[in-house]
Amino acid sequence: MAIEIGNRLGLANVKSDYIHAAGRKLEDIHDELLELEAKGEVKVIHVKDENKPIEAETLFGWKKKIPTNKLWHHKSCGQCGNIPGYPVSLLWFMNKFGIEYIDERNQTSCTAWNYHGSGTSNPVGLAAVAVRNWHRAYELGLFPLFHCATTFGDYKEMRNLLVEHKELRDEVRRIMHKIGRELVIPEYIVHYSEWVHVMRFEIAKLKKYDLSNVIATIHPACHTYKMIPEDCIYDKEIYAGKRTAVSTGIALALGAQVADYSTWYDCCGFGFRHILTEREASRSFVMDRKIRPMVREAQSDVCITQDTGCTTTLDKNQWIGKAMGYTEQVPVMADVMFAALACGADVYKIVQLQWHTTDWRPLCEKIGIDWKKSEDEYDAYLEELKAGGKTVNLYEYPAGK
Amino acid sequence: MEYDENGVSIVPFELKKEIFEEARRDFRYEEYVRGCLNCGVCAGGCPPHRFFDFSPRIVLQKMKSKDPELIWTMMDEYVWACFQCFTCAMICPFLNSPGGVIAILREIAVRRGFESAKKVLKPYSRVLLKLTAYGNQLSPDMIQPDFFPDWGPHIGYASTDLAVKRKAIPMPTLQVTNLAWDVAPEAMKELYDIFDEAGVFKIIESVDPSLYEIIQDIVDDVRSS
Ligand code: SF4
Ligand code: SF4
């Protein structure tokens, strides 16, 4: 069945070929990728049984297998600078579930933040960096899991361009041979929040606190659902399939109230370059278009994000708003951090909220979390480390690394 | 470049034509520029449209006009207003990608070392250095109160005892202060080879020659380590 629709705003139930009014057919790139593999053009990093995949549906009802085990962590430049609790909370859950993974030094940035901020790269450079990192996961026999929304969006785009353009494949293959690697493409590009989403009912079993009086507002990252919109998880049980289900799904599974607000679709104001060098645009957008509607319309207790740039932008820009008479404030954290809090993870050592600027203590108090105890223990821990103590890690490098 | 008596550059029509042809030759162009209804849906969802004299509808209309003069008018600060959020691409009924067009035009601006690109990117050079030389983008020690005073007094938290606070993060990759994570030299070296082969270093040289020199010194050090 073919169906005509006007845009890609969200039709989760269309399980069919998709023919756009402009005459363009959107193909599921996954099938084309497998055809290229059959012709020997590319190698594919498959989602195997050992990855314990859970199936989800994307915008047009296409299936997407989300691997939940044997994963290679592809970290985000932004999250580790400002929001270390984001990867730590993810590893904390993975350890709880006995998931096998590697978190190592042999990874580069996807370089897409830079590209979208400054234009100082090109599709060959971006695609080659993507394949370089994909290949690293491949040679370890693991499936790559991308932490950052911009990495996710960029890698989805690079995967599509590589599948659709032989010249790009040839050029990237040439570069890969120069660095001793091969042209490999993952069967699916998977964002950490998709892992959280498909694991949400397992995560909810670990819940320690009642969240029924917590009002959450969701800010999905633009680059997860606006870049290659067809490759993003939708669920007809969540927003009737009209908006991406990711992040809302985990908040609901944990029993929080998810409230709508009028500017849900707006970006956070990050702007890639603007957040660093034209910050007045970013902060105006943060206060006018996100924080104020979240608080005034939804009385939000917490803003849930799924990315680094958004978390930084929405969290760090609230303080200056006071100078302009904006009194609205709401703590900001990634979905996995909120989930970790709900499941009893330490506020300081695991969720690492101490790095965040907007006050999150009222949220903890509303949930019933004793953040002060956590703070005291953390301060004592820092003193131990200063005196030469060893960090209690969630993960250790494999021997010899 | 020639200049008139007011110091405004006189740009020959041939150059403007070249710019348009260069954009049109990009293999993504056909994907990004389709029919345009001039409906303005994209502008309605575009964040910088609220703040600046900038509209993704105008971007598409000018591209569709195929008029090098009109396209040239976007090659200065105009293209740098875009947030690259791709709201336009998601909501355009014709599946255009004004944000994608902007990316192509920006690439041309930096490749050709346009003054406007140099000016816009000057304050961005710290990030460019970190990314190109170390394979990361932002690092904990860059979050300093003097650089981010508008982020409030709590920003100081990250600058006191930073090393020990990073050491307390229970992931060995993150226990550094000068990078977002501890990037292995072999990964950096591969990135340099990619940048060489894909012409990325060349682009940086054209937009910021002195930064390029600094980056090359670091690259040489890492390569010889
Ligand atoms: S680019 Fe798309 S949304 Fe924007 S005016 Fe043209 S048809 Fe409308
Ligand atoms: S990508 Fe650029 S042009 Fe498109 S909506 Fe975002 S800011 Fe506007």
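Residues A:Thr277, A:Thr312: which one is in contact (Cβ under 8 Å) with a residue 12 or more places away in the chain, more than 16 Å from ligand 1 (Cβ to nearest atom) and polar (S, T, N, Q)?
Sole residue among the options that is in contact (Cβ under 8 Å) with a residue 12 or more places away in the chain, more than 16 Å from ligand 1 (Cβ to nearest atom) and polar (S, T, N, Q): A:Thr312.
Sort through B:Phe94, B:Phe86 and tell me the only one that's within 16 Å of ligand 2 (Cβ to nearest atom), within 7 Å of chain A (Cβ to nearest Cβ) and open to solvent by less than 20 Å² (accessible area, probe 1.4 Å).
Among B:Phe94, B:Phe86, only B:Phe86 is within 16 Å of ligand 2 (Cβ to nearest atom), within 7 Å of chain A (Cβ to nearest Cβ) and open to solvent by less than 20 Å² (accessible area, probe 1.4 Å).
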By residue number, the members of segment B:61-80 that are surrounded by 19 or more Cβ atoms within 10 Å (Cβ to Cβ), within 14 Å of another protein chain (Cβ to nearest Cβ) and within 15 Å of ligand 2 (Cβ to nearest atom) are B:Met74, B:Tyr78, B:Val79, B:Trp80
Scan of segment A:212-255 for residues that are modelled with pLDDT of 95 or more, part of a loop (DSSP other than H, G, I, E, B) and surrounded by fewer than 24 Cβ atoms within 10 Å (Cβ to Cβ), ordered by number: A:Ser212, A:Asn213, A:Val214, A:Gly255
Could you please let me know if A:Val347 is closer than 24 Å to B:Gln144 by Cβ and not aromatic (Phe, Trp, Tyr)? no
Flag for A:Asp359 being open to solvent by 50 Å² or more (accessible area, probe 1.4 Å), among the acidic types (Asp, Glu) and more than 13 Å from chain B (Cβ to nearest Cβ): no
Filter result for A:Gly344 (at pLDDT below 90, more than 14 Å from every other protein chain (Cβ to nearest Cβ), open to solvent by 10 Å² or more (accessible area, probe 1.4 Å) and farther than 20 Å from A:Phe152 by Cα): no
Residues being within 7 Å of chain B (Cβ to nearest Cβ) and open to solvent by 10 Å² or more (accessible area, probe 1.4 Å) - total across segment A:124-138: 1
Please work out if B:Val127 is within 16 Å of ligand 1 (Cβ to nearest atom) and either closer than 16 Å to B:Val41 by Cβ or touching a Leu at 6+ places or on another chain (Cβ under 8 Å) (or both). no
Subset of segment A:204-243, residues free of Cβ contacts under 8 Å to residues at least 60 places away in the same chain and among the polar types (S, T, N, Q), comes to A:Ser212
Tell me yes or no: at least one residue of segment B:113-125 is at pLDDT below 90 and within 16 Å of ligand 2 (Cβ to nearest atom). yes
Of the residues in segment B:10-48, those that are more than 28 Å from A:Cys222 (Cα to Cα), among the β-branched types (Val, Ile, Thr) and either touching a Leu at 6+ places or on another chain (Cβ under 7 Å) or not in a helix (DSSP H, G or I) (or both) number 2
Checked segment B:176-186 for anything surrounded by fewer than 20 Cβ atoms within 10 Å (Cβ to Cβ) and either more than 7 Å from chain A (Cβ to nearest Cβ) or touching a residue at least 40 places away in the same chain (Cβ under 8 Å) (or both); matches are B:Thr177, B:Asn178, B:Pro185
With segment A:25-116 as the region, which strands (runs of 3 or more DSSP E) entirely inside it contain at least 1 residues that are open to solvent by 10 Å² or more (accessible area, probe 1.4 Å)? A:43-45, A:54-57, A:63-66
Scan B:Cys36, B:Cys46 and give me the residue that is near ligand 1 (Cβ under 7 Å from one of its atoms) and within 11 Å of another protein chain (Cβ to nearest Cβ). B:Cys36
Mind checking which residues of segment B:98-138 are among the hydrophobic types (A, V, I, L, M, F, W, C), within 9 Å of chain A (Cβ to nearest Cβ) and surrounded by fewer than 21 Cβ atoms within 10 Å (Cβ to Cβ)? B:Ile108
Do the conditions hold for A:Asp376, that is, is it closer than 27 Å to A:Val196 by Cα and open to solvent by 40 Å² or more (accessible area, probe 1.4 Å)? no
Does B:Ile58 satisfy being β-branched (Val, Ile, Thr) and open to solvent by 10 Å² or more (accessible area, probe 1.4 Å)? yes
For the list (1) more than 9 Å from ligand 2 (Cβ to nearest atom); (2) at the interface with chain A (Cβ under 10 Å from one of its Cβ atoms); (3) out of contact with any Gly (no Cβ under 9 Å at 6 or more places or on another chain); (4) under 26 Å from A:Ser262 (Cβ atoms), I need the number of the one condition that B:Phe27 fails. (4)
Taking first residues from segment B:35-53 that are over 14 Å from B:Leu95 (Cα atoms) and aromatic (Phe, Trp, Tyr) and second residues anywhere that are more than 6 Å from ligand 1 (Cβ to nearest atom) and open to solvent by 70 Å² or more (accessible area, probe 1.4 Å), the pairs with Cβ under 9 Å that are 6 or more apart or on different chains are B:Phe51/A:Glu280; B:Phe52/B:Glu77
Quick one: in segment A:256-282, of everything that is within 14 Å of another protein chain (Cβ to nearest Cβ) and among the β-branched types (Val, Ile, Thr), which residue is most open to solvent (accessible area, probe 1.4 Å)? A:Thr277
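Against the condition more than 14 Å from chain A (Cβ to nearest Cβ) and open to solvent by less than 30 Å² (accessible area, probe 1.4 Å), how does B:Val11 come out, does it pass?
Spelling it out, B:Val11 is indeed more than 14 Å from chain A (Cβ to nearest Cβ) and open to solvent by less than 30 Å² (accessible area, probe 1.4 Å).
The values are calculated or read from the model by the stated rules, or taken from the named source; none is laboratory data. Remember, it's a predicted structure, so these values are computed and weren't measured experimentally. So basically every Cβ, Gly included, is an ideal-geometry build from the backbone, and we count neighbours across all protein chains shown. Areas reflect the complete protein model, heavy atoms only, side chains present, ligands, DNA and RNA absent. Shrake-Rupley method; radii C 1.70, N 1.55, O 1.52, S 1.80 Å.
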